[in-house]
Amino acid sequence: MAMSMAMSKALAARHAIHLQHRLVASSSQAAPRLPLLPRRPSLAVTVASPPRRLLPASPRSSSSESDLSPTPQSERTMTAWDLASLWVGLVVGVPSYYLAGSLVDLGMSALQGVATVAFANLIVLLTLVLTAAPAVTHGLPFPVLARAAFGVRGANVPALIRALVGCGWFGIESWIGGRAIFQLLPSRLKSYQPLLAPVPGLGAAPLEFACFLAFWAAQLDIIMRGMEGIRKLEKFSAPVLIVLTSALLAWAYTSAGGFGRILSLPPRLTGAEFWKVFFPSLTANISFWATVAINIPDFARYARSQADQVLGQAGLPVFMGMFTFAGLAITSATEAIFGHVISDPIELLGRIGGPATTFLAIFGIGLATITTNIAANVVAPANALVSMSPRRFTFAKGALVTALLGIAFQPWRLLSSSESFVYTWLLGYSALMGPIGGVILADHYVVRRTALDVDALYSEDSGSPYYFQSGFNVAAMAAMAAGVAPIVPGFLQKVGVLPSVSKAFVTAYNNAWFVSFFVAGAVYSLLCGWRGVQGKQHSN
């Protein structure tokens, strides 16, 4: 896709000399950056005149290159179409296919499931646009923007939390890719029972686990060879899956003489029962993209303008609604074709056509899974580790740690049922993503009123406005804790640690992202005294 070409050029550029020139210029009274939105003169940021020590702007692929440096205007070439292509590539995948089907399993009708997915992504779109806006204005990635709220050292905390969730998703996507490999194995091997019985304690069959490790190793091999090859593959992944999905949809419709009875089934949930499922399902669907909603600056920093980033991301609810409908329609048709419902697209593809058709279909899923997985779930965790300790980690070492943690998350358990996928995984980590987003947006729009001292974000001087207390903003840490606290009892009850909790905690857990997002944002705003940070910046 065109986005990949623009990203590869931008990420390959050498930024270190550019950044050093910016720091030298700041020592002679640098002019403040223009704010994202108009602000009153009293809120202007005064840049400190003494030279600032450089906070390592890592990760580095060489001693003279930094991917965390501000993106120069000449490299901000991403159009609205590029960003839309990015979202197509991320949306069209097996986990998205599962989403609406999981909601139908929980009792919703097809229409209710698709509507819930689309509405959740409208909410995600709002956070995406607001979080991306300062990145477009200043050309800054997520680890640097987070320093404004959390401090030049405290920013490692949300980056690592985001990284851990990315590791979990890496494991999930790798398990899905491993199942694609499983479908390509000879029938005799796939029917050999000793290899299909789950290993006690592991919870996975030896043959399935071996396929998972094979796909895991294949991804790791590609990562170690460098990201340039991945970016070239990415531009092919979205079109391949769009064509594959369209072909599957056409096949399902013609083979079943329609889309089957599932789409015409009335909802099994009515009244209060529906709302009990709707709110946790809405939260789970928001959580699905909550990780990308936090680190969207890593992509948006290359956008040409605010209009490009807004228009490019506006298609997300449409893409998700269309793709989840396609998943439901295909799943619905399988009942008429095979006599029973096949909700797993990988299993379905393994039963269509001959060996050549199966190979091409599974190859398409494998290709898309690899490119999406590395772009969405490896780059952020690896960057977080290198940013935290550039002397100990390279990008390759960070990617290896990410991959190993992906195994430790035991993704086969997370995907064992709609209940565990929606209520345990998606709802559980939304309680971590919500506070990060709440603090960052409250800091930028409520506390600072969009004022940013870009050069100070790279300074580790104790007098820097983003140094706070030894590099940590205590208010941000306290706000994050306040956002997570109401969710913990409900989570412990869900995983079986606590036998029961009050109804209020259950409700808080079922709405984990909303509760943690707004509680953390409100607490942070109150602790900062609404304008306390601006006052400190102005005095500095």
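Leu83 fails exactly one of the following numbered conditions: (1) touching a residue at least 40 places away in the same chain (Cβ under 8 Å); (2) of a type in the set (A, V, I, L, M); (3) open to solvent by 10 Å² or more (accessible area, probe 1.4 Å). What is the number of that condition?
Here Leu83 meets the rest and fails (3).
Can you find a residue that is outside any loop (DSSP other than H, G, I, E, B), farther than 21 Å from Ala403 by Cβ and either at pLDDT below 85 or touching a helix residue (DSSP H, G or I) at 6+ places or on another chain (Cβ under 6 Å) (or both) anywhere in the range 216-231?
For the range 216-231, residues outside any loop (DSSP other than H, G, I, E, B), farther than 21 Å from Ala403 by Cβ and either at pLDDT below 85 or touching a helix residue (DSSP H, G or I) at 6+ places or on another chain (Cβ under 6 Å) (or both): absent.
Looking only at the range 454-473, filter to residues that are assigned to a helix (DSSP H, G or I) and more than 26 Å from the chain's Cα centre (by Cα); which one of those is surrounded by the fewest Cβ atoms within 10 Å (Cβ to Cβ)?
The selected residue is Asp455.
Considering only residues that are of a type outside the set (S, T, N, Q), more than 22 Å from Glu173 (Cβ to Cβ) and assigned to a helix (DSSP H, G or I), which ones fall in the range 85-112?
Val104, Ala110, Leu111
Residue pairs, Cβ under 6 Å, 6 or more apart or interchain, first in the range 494-505 and outside any loop (DSSP other than H, G, I, E, B), second surrounded by 11 or more Cβ atoms within 10 Å (Cβ to Cβ). List them.
Phe505/Pro489; Phe505/Gly490
In the list Gly171, Gly177, which residue meets the criterion of being assigned to a helix (DSSP H, G or I) and modelled with pLDDT of 90 or more?
So the residue among Gly171, Gly177 that is assigned to a helix (DSSP H, G or I) and modelled with pLDDT of 90 or more is Gly171.
Return the residues of the range 442-462 that are farther than 14 Å from Gly151 by Cα and among the small types (Gly, Ala, Ser); say none if nothing qualifies.
Result: Ala442, Ala451.
Looking at this structure, is Trp87 under 13 Å from the mean Cα position of the chain (by Cα), within 27 Å of His444 (Cα to Cα) and not acidic (Asp, Glu)?
yes
When you check Arg413 against the structure, is it modelled with pLDDT under 80 and either among the basic types (Lys, Arg) or part of a loop (DSSP other than H, G, I, E, B) (or both), yes or no?
So Arg413 fails the test.
Looking at Leu498, Leu492 in this structure, which one is surrounded by fewer than 19 Cβ atoms within 10 Å (Cβ to Cβ) and modelled with pLDDT under 90?
Exactly one of Leu498, Leu492 is surrounded by fewer than 19 Cβ atoms within 10 Å (Cβ to Cβ) and modelled with pLDDT under 90, namely Leu498.
With a cut-off of at least 3 residues that are more than 30 Å from Thr137 (Cβ to Cβ), open to solvent by 10 Å² or more (accessible area, probe 1.4 Å) and modelled with pLDDT of 85 or more, name the helices (runs of 4 or more DSSP H) lying wholly within the range 262-304.
272-288
Here are some conditions: (1) open to solvent by 20 Å² or more (accessible area, probe 1.4 Å); (2) of a type in the set (Gly, Ala, Ser); (3) in contact (Cβ under 8 Å) with a residue 60 or more places away in the chain. Ala132 meets all but one. Which one does it not meet?
Of the numbered conditions (1) open to solvent by 20 Å² or more (accessible area, probe 1.4 Å); (2) of a type in the set (Gly, Ala, Ser); (3) in contact (Cβ under 8 Å) with a residue 60 or more places away in the chain, the odd one out for Ala132 is (1).
Among the listed residues Arg147, Arg76, which satisfies the condition of being open to solvent by 10 Å² or more (accessible area, probe 1.4 Å) and of a type outside the set (A, V, I, L, M, F, W, C)?
Going through Arg147, Arg76 in turn, just one is open to solvent by 10 Å² or more (accessible area, probe 1.4 Å) and of a type outside the set (A, V, I, L, M, F, W, C): Arg76.
Give all pairs with beta carbons closer than 9 Å in which a residue from the range 291-306 that is closer than 20 Å to Ala159 by Cβ meets a residue that is open to solvent by 10 Å² or more (accessible area, probe 1.4 Å) and in a loop (DSSP other than H, G, I, E, B); count only pairs at least 6 apart in sequence or on separate chains.
Listed by first residue and then by second, the contacts come to Asp298/Asp67; Arg301/Arg76; Tyr302/Arg76; Tyr302/Thr77.
Step by step: first the residues of the range 316-343, then only those that are outside any helix (DSSP H, G or I) and without any contact (Cβ under 8 Å) to a residue 24 or more places away in the chain, then the one that is nearest to the chain's Cα centre (by Cα). Which residue is that?
Only one residue fits best here, namely Ile342.
Would you point out the residue of the range 146-179, among those that are aromatic (Phe, Trp, Tyr) and closer than 29 Å to Ala210 by Cα, that is nearest to the chain's Cα centre (by Cα)?
Trp169
The values are calculated or read from the model by the stated rules, or taken from the named source; none is laboratory data. Keep in mind it's a predicted model, so treat the numbers as computed, not measured. As a convention, Cβ positions derive from the backbone with ideal geometry for all residues, glycine included, and neighbour counts pool all protein chains shown. These accessible areas exclude ligands, DNA and RNA; they are computed on the full protein's heavy atoms, side chains included. Shrake-Rupley method; radii C 1.70, N 1.55, O 1.52, S 1.80 Å.
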